[in-house]
């Protein structure tokens, strides 16, 4: 049996005004980047809900990129600052789930930065390829260990759950 090379699946949420246009510029300028990425255009990086990222990972993506306008250049005023705050909290939560930091990336790219966006895409794909498959759906399969861990929660946190009289 031959061993296949792992090719990661990356989902990218790109801001309509800057990052998506940078990706379009990269394409029209024939700048090469790896084909492992699936781009989803959103109106603003501030519109990317952490649930979108979690759902992409749960449905089999090996990594997620969020790309938007540079801070201070958002077409919706300060929404990319909102994206930064959400991203910080999302990374913290994903670390708790055992997801490596390199699997989720926040990238700033103006409409004129097609070369930089293509380089960031290639860099992320290479890093995720080195990590191997996330295989998150299989980790959540009902194998008995999940239920046992859930049942132990009250015991492990009994002190924190006590309400003082």
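The values are calculated or read from the model by the stated rules, or taken from the named source; none is laboratory data. Just so we're clear, the structure is a prediction, and the values are computed from it rather than from any experiment. Positions of Cβ are generated from backbone atoms using ideal geometry, with glycine treated the same way; all protein chains shown enter the neighbour counts.
Here are a few things to note about the model shown:
- In this entry, residue 116 passes the filter for residues that are closer than 23 Å to residue 131 by Cα and touching a residue at least 60 places away in the same chain (Cβ under 8 Å).
- Filtered residue count, region 16-33, keeping only those that are within 17 Å of the chain's Cα centre (by Cα) and touching a residue at least 60 places away in the same chain (Cβ under 8 Å): 1
- Within region 32-67, the set of residues being more than 27 Å from residue 135 (Cα to Cα) and either in contact with a strand residue (DSSP E or B) (Cβ under 9 Å, 6 or more places away or on another chain) or at pLDDT 95 or above (or both) comprises 43, 44, 46.
- Of everything in region 55-93 that is under 12 Å from the mean Cα position of the chain (by Cα) and without any contact (Cβ under 8 Å) to a residue 12 or more places away in the chain, the residue that is surrounded by the fewest Cβ atoms within 10 Å (Cβ to Cβ) is 88.
- Some residue of region 137-147 being modelled with pLDDT of 95 or more and either loosely packed, with under 13 Cβ neighbours inside 10 Å or part of a loop (DSSP other than H, G, I, E, B) (or both): no
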